[in-house]
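Asks: My questions will all concern the structure given below.
Nothing in this text is a laboratory measurement; each read-out follows from the coordinates by a stated rule. Note that the structure is a prediction, hence the values are computed from the model and not measured. Methodologically, a virtual Cβ is constructed for each residue, glycine included, from the backbone with ideal geometry; neighbour enumeration extends over all protein chains shown.
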Amino acid sequence: MSLQMVRFRTDNGTAAEFRSHLVRAFAALRTASPLGVVCTAHAGEPGPDFILALETEEAAENPMAGLPQAAQLRDRTGRAVGAPVLPGPFTVVGSYGS
């Protein structure tokens, strides 16, 4: 399993626009329906903080790489933050589900 995360803060003026781009990217991801992928987006309410996480099985490629909506999202993220935002690996320290 591979885990990657991106964490960033936009300014308050672009947070709503960024959320709408997230919705479009996730709609495209649902349409593509890749196997072996869990992708989540978290946003502070109502603020400008975002966390995006991507979990893939070892053999699975990053499904976001081939989606035009994801490329637009990366571009908008870089512009909103003022610099490219690169994902980094992370480790789950604990998890609970019922």
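Asks: In debye to the nearest 20, how big a dipole does the chain give about its Cα centre with +1 on each Lys and Arg Cβ and -1 on each Asp and Glu Cβ?
Replies: Dipole of the chain, to the nearest 20 debye: 280 debye.
Asks: Suppose R0 equals 25 Å; then what is the FRET efficiency for V23 and V85 from their Cβ-Cβ distance, rounded to the nearest 0.05?
Replies: Computed FRET efficiency for V23 and V85 comes out at 0.85.
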